[in-house]
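*Asks:* Below: one structure in structure tokens.
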Amino acid sequence: MERRLGGVDATTIGIGSMVGAGVFVVYSPAAAAAGNWLLLSLALAGLVAYCNAVASAQLASVYPASGGTYVYGRERLGEWPGFLAGWAFITGKTASCAAMALAFGLYAAPGHATAVAVSAVVLLTGINLLGITRTAWMTRWFISIVAAVLVFVIVVAFDAAPIGTGAALPVTPYGVLQGAALFFFAFAGYARIATMGEEIRDPQRLIPLSILSALAITFILYFLLGAGLLRFMGPELLATAPTPLHAVMEGVGGGIGSAAVPAAAALACLGALLALIAGISRTVLAMARERDLPGVLAAVGQRFKVPWLAELTVAAAVICLLLTQDVLAVVGFSSF
């Protein structure tokens, strides 16, 4: 493997891993749980994510190798804890890939979701096989479009006349914590930078900087979006809107914004899926090096310096899940 990623590329991959489909739907159930205290729930989730991110950043600067959690568990706790951490990451995130691909298929072509999902996995695997810099370049395009749409929704939510009543919902401390747990799902992904630690230049400096920068940028975006949604819709209406960002566009008359939100959600799925496939393959590579998986999976291509056989194996596993399981099964397995 070669250190080809700079700080901007690594940060972009981190943001692209976090800003997935979750941000387009999580505000509604979080508002139902936390009501007017929605932003407190978001802040609590951000605090937990920050603590986790700092730990990942410190470990990645000490062990700047492919594999992330698998490597840290093996080095600090022993072979079996490392094996369990690596196996849990690979199996859980492979299911996450299938869920993200299916979500893209449902957004892009509801009548042919599985076929479109399989096509997306094949296409994104092909991009990853061309090298980590291609992965970063493609992620940059995805996240640029998605972020532009999110900023547009934020501006509209703060600028337009509110449509909600502003009535408060009954809230309990448990509801606030439940909302925080829901929001934490939308922060998952910053550790993808650590998983690719072997491909980042000046890892002791750039890995911690990239992880914390990606988390900070994502948190600010989420906070502004949450504040805008609360202002425009109020907690009561927000809690009942299954697609709150789309509801904002419909509330101001629809138009191009109504089409832009589903398109951005689809691209967010692709960005997260691209980074997921790359991250899983690096953990497979690390486990194969230690013979916790077949050693042949540690093969690295001479031209593009990627674990090509691990990438293809991950893609095959995801496609197998897509062809045999439904979205609820893969989401449940990933969460478990």
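The values are calculated or read from the model by the stated rules, or taken from the named source; none is laboratory data. Every value quoted in this text rests on a predicted model; they were computed, and no experiment measured them. Neighbour counts are summed over all protein chains in view; Cβ atoms, including those assigned to glycine, are modelled from backbone coordinates with ideal geometry. Each accessible area value is taken on the protein alone, full model and side chains, heavy atoms only, with ligands, DNA and RNA left out. Shrake-Rupley method; radii C 1.70, N 1.55, O 1.52, S 1.80 Å.
*Asks:* Tell me, what HN-Hα J-couplings in whole Hz come from the Karplus equation 6.51 cos²θ - 1.76 cosθ + 1.60 at θ = phi - 60° for each residue of segment 101-113, using x for Gly and Pro?
*Replies:* Values, residue by residue: 5, 5, 4, 4, x, 5, 6, 7, 8, x, x, 9, 4 Hz.
*Asks:* Along its principal axes, what span do the Cα atoms of the chain show, with the longest given first and each in whole Å?
*Replies:* 61, 41, 34
*Asks:* Right, another one. Assuming R0 = 25 Å, can you tell me the calculated FRET efficiency for the pair Leu77 and Met1, based on Cβ-Cβ distance, to the nearest 0.05?
*Replies:* Step by step, r from the Cβ atoms, then E = 0.55.
*Asks:* Still on this model: For segment 71-82, just list the computed ³J(HN,Hα) in residue order, Karplus coefficients 6.51, -1.76 and 1.60, θ = phi - 60°, integers in Hz, with x standing in for Gly and Pro.
*Replies:* Karplus-based 3J(HN,Hα) across segment 71-82 equals 5, 5, x, 5, 6, 8, 10, x, 5, 5, x, x Hz.
*Asks:* Which value, in Å² rounded to 10, gives the accessible area of His246 with a 1.4 Å probe and all protein chains present?
*Replies:* About 50 Å², ignoring ligands and nucleic acids.
*Asks:* In square angstrom, what is the accessible area per residue of segment 211-299 with a 1.4 angstrom probe?
*Replies:* I get 32 Å² per residue for segment 211-299.
*Asks:* Please compute the contact order of the chain in relative form: average sequence separation of alpha-carbon pairs under 8 Å and at least six residues apart, divided by the residue count, as a percent.
*Replies:* Once normalised by length, the contact order is 39 percent.
*Asks:* Put a dot 7 Å past each Cα toward the Cβ at Phe336 and Leu84; how far apart are the dots in nm?
*Replies:* 1.7
*Asks:* If each residue of separation counts as 0.36 nm, what is the full-extension length gain between Ile163 and Glu250 once their alpha-carbon separation is subtracted?
*Replies:* Taking 0.36 nm per residue and subtracting the Cα distance, the gain is 30.2 nm.
*Asks:* Considering only protein heavy atoms, what is the solvent-accessible area of Ser17 at a probe of 1.4 Å, reported in Å² to the nearest 10?
*Replies:* Roughly 10 Å² of Ser17 is accessible to a 1.4 Å probe.
*Asks:* Let me ask something additional. If you line up the long axis of helix 38-62 against the longest principal axis of the chain, both from Cα atoms, how many degrees apart are they, to the nearest 10?
*Replies:* It works out to around 10 degrees.
*Asks:* Given the convex hull of the Cα atoms of segment 286-336, what is a quarter of its surface area in nm²?
*Replies:* Its Cα hull, projected and averaged over all orientations, spans 4.6 nm².
*Asks:* Same structure, new question: Relative contact order (percent) for segment 81-230, with alpha-carbon contacts under 8 angstrom and 6 or more residues of separation?
*Replies:* 19
*Asks:* If Trp87, Trp37 are ordered by their accessible area, calculated over protein heavy atoms with a 1.4 Å probe, which sequence runs from highest to lowest?
*Replies:* Ranked from most to least accessible, the order is Trp37, Trp87.
*Asks:* May I ask you to order 275-286, 51-62 by the average number of other C-beta atoms within 10 Å around their residues, highest value first?
*Replies:* 275-286, 51-62
*Asks:* Quick one: accessible surface of Ile256, probe radius 1.4 Å, all protein chains present, in square angstrom to the nearest 10.
*Replies:* 140
*Asks:* I would also like to ask the following. Mind pulling the angle between the C-alpha long axis of helix 308-324 and the longest principal axis of the chain? Nearest 10 degrees, somewhere in 0 to 90.
*Replies:* It works out to around 50 degrees.
*Asks:* Per-residue HN-Hα couplings for segment 170-180, Karplus 6.51 cos²θ - 1.76 cosθ + 1.60 at θ = phi - 60°, whole Hz, x for Gly and Pro?
*Replies:* Along segment 170-180, the couplings run x, 10, 10, x, 4, x, 5, 5, 5, x, 5 Hz.
*Asks:* Sum -39500 (n - 2.57) across every DSSP H segment of at least 4 residues in the chain, then divide by the residue count to get the 222 nm mean residue ellipticity, nearest 500.
*Replies:* -25500 deg cm²/dmol
*Asks:* Related question: Under the Kirkwood approximation for Rh and a Cα-based Rg, what ratio Rg/Rh is obtained for segment 188-336?
*Replies:* Rg/Rh for segment 188-336 comes to 1.06.
*Asks:* Evaluate the charge dipole of the chain about its Cα centre and quote only its size in Debye, nearest 20, assuming +1 on the Cβ of each Lys and Arg and -1 on the Cβ of each Asp and Glu.
*Replies:* So the dipole magnitude of the chain works out to roughly 620 debye.
*Asks:* If you don't mind, there's one more thing I want to ask. Between Val155 and Thr172, what is the label-to-label distance in nm when each label sits 7 Å out along the Cα-to-Cβ direction?
*Replies:* The modelled label-to-label distance comes out at 4.2 nm.
*Asks:* If you don't mind, another one. Hey, got the Cα dimensions of segment 34-150 along the principal axes, in Å, largest first?
*Replies:* Taking max minus min along each principal axis of the Cα atoms, segment 34-150 gives 47, 45, 25 Å.
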